[in-house]
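The values are calculated or read from the model by the stated rules, or taken from the named source; none is laboratory data. The model shown is predicted, which means the values in this text are computed figures rather than measured ones. In this analysis, Cβ positions are derived from the backbone assuming ideal geometry, glycine residues included, and neighbour counts consider all displayed protein chains. Note: areas computed on protein heavy atoms with side chains; ligands, DNA, RNA excluded. Shrake-Rupley method; radii C 1.70, N 1.55, O 1.52, S 1.80 Å.
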Amino acid sequence: MEFLTATEIASIWEITPRMITNYCESGRIKGAIKKGRFWLIPSTAEKPEDKRYSKGNVNIEKKHKFEKYDEQVKTYMMESYTSSDVYKNLGLTRDTIRYYEKIGLLKLKRNEDSSYRIFDYEDIAQLMAIDFFKKRGFTAIEIGAIMKLTQIDEYSFALDKKAKELSEEIKKLQYTLTKLQKTKEFYNEFSNHINEFTVEYLPRYFVKETLFAFANFGEYEEKILKSIDLEGDDIYSNLIRTVTFDENGFIASKMFLIDKEQSDIDGVYLESGKCLHTVLYTDDHDELIMTKLLNACKKWSNDNNAELRGSLYIFIKFVVPNAKSSMFYYDVWLPLR
């Protein structure tokens, strides 16, 4: 068995060597043995309970240590800090501190000689309190309003309101992410298959509004803006160009505002079912692109003994903004008989 001296045990148990000797002489340390004038204690011995104090009272020795700790904390609380100290230790920027001052979240003192900002304990605690709410989605202005609250139910209302706002924001972001993923899927799948023809199934699209032409922007306010969610939906993705033709060429063209979700109500629908499908990439100034496309589709139908129904639907699936002319990926469908 390994033995330690009274001094070594006193250091481990955080009491005085004299107290160890008292424990040994009264037989309260199991296994302790005396060698001459010294006591040796097993290293595995358990510290006896200090019976000098009744249950519920604070140990005087521990209390003394806490008081020393408390005095040190009070010393820290009396110190002041520079802006550089705050930037380094709280991870804040100069612009952030200035903004907080500007809107009244902080009222900092200034050094009389240098006019530099001085931060005391209360200022730093305030900054961390602001950060507490900032990391829960509150803006600086909203935090300023919270600082003026006094009733517990007012805090509960503020938290509930922010939770609802964040939930709505998450829904919008999820909707945007879904659209982004679908656009990415389209691009990855068809960007390397431009002008290739396949037979696909076109789902049923409900026509919400009819426009004379894409370039007739005067119709947009009345026929488009009132029908789409401007925060989450773009105009391109909700429009489709329809072209009718016969053996002699094009007959007419219109723009439709469409909705794929509405499939069980009375109204006008695009032709659906088996279609000749291709993806077209071009800029918006190629005046011959429609003729080239129709000729290519007719050639395919002749080569494959298929008959086109005389309608052509063009969806805008991807657009690349450019200073001179935008580039478009068109998703093209021609219903087959």
Query - Tally, over region 129-157, of residues that are under 14 Å from ILE103 (Cβ atoms), open to solvent by less than 50 Å² (accessible area, probe 1.4 Å) and aliphatic (A, V, I, L, M) - result: 4
Query raised in the report: Tally time: how many residues in region 238-260 are closer than 19 Å to SER272 by Cβ and either of a type in the set (Gly, Ala, Ser) or surrounded by fewer than 18 Cβ atoms within 10 Å (Cβ to Cβ) (or both)?
Result: 4
Query raised in the report: Between a first residue in region 309-337 that is at positive phi and a second residue that is of a type in the set (Asp, Glu) and assigned to a strand (DSSP E or B), which pairs have beta carbons less than 9 Å apart while being 6 or more apart in sequence or on different chains?
Result: GLY310/ASP246
Query raised in the report: Could we say that THR176 is open to solvent by less than 90 Å² (accessible area, probe 1.4 Å), at pLDDT 90 or above and over 25 Å from the mean Cα position of the chain (by Cα) here?
Result: no
Report task. Looking for whichever is farther than 21 Å from PHE206 by Cβ and in contact with an Asp or Glu (Cβ under 6 Å, 6 or more places away or on another chain) here; the options are MET327, MET290. Which one fits? Result -> MET327
Query raised in the report: How many residues, within region 309-324, are within 15 Å of PHE245 (Cα to Cα) and out of contact with any Lys or Arg (no Cβ under 7 Å at 6 or more places or on another chain)?
Result: 4
Report summary line: Flagged in region 275-292 as under 43 Å from the mean Cα position of the chain (by Cα) and either open to solvent by 80 Å² or more (accessible area, probe 1.4 Å) or within 27 Å of LYS324 (Cβ to Cβ) (or both), in numbering order, are THR278, VAL279, LEU280, TYR281, THR282, ASP283, ASP284, HIS285, ASP286, ILE289, MET290
Query - Residues that are open to solvent by 70 Å² or more (accessible area, probe 1.4 Å) and part of a helix (DSSP H, G or I), drawn from region 179-214 - result: LEU180, GLN181, LYS182, LYS184, GLU185, TYR187, ASN188, GLU189
**Report entry** Residues within region 73-122 that are open to solvent by less than 80 Å² (accessible area, probe 1.4 Å), within 19 Å of LYS148 (Cβ to Cβ) and either of a type in the set (S, T, N, Q) or touching a residue at least 40 places away in the same chain (Cβ under 8 Å) (or both), tallied
**Finding:** 4
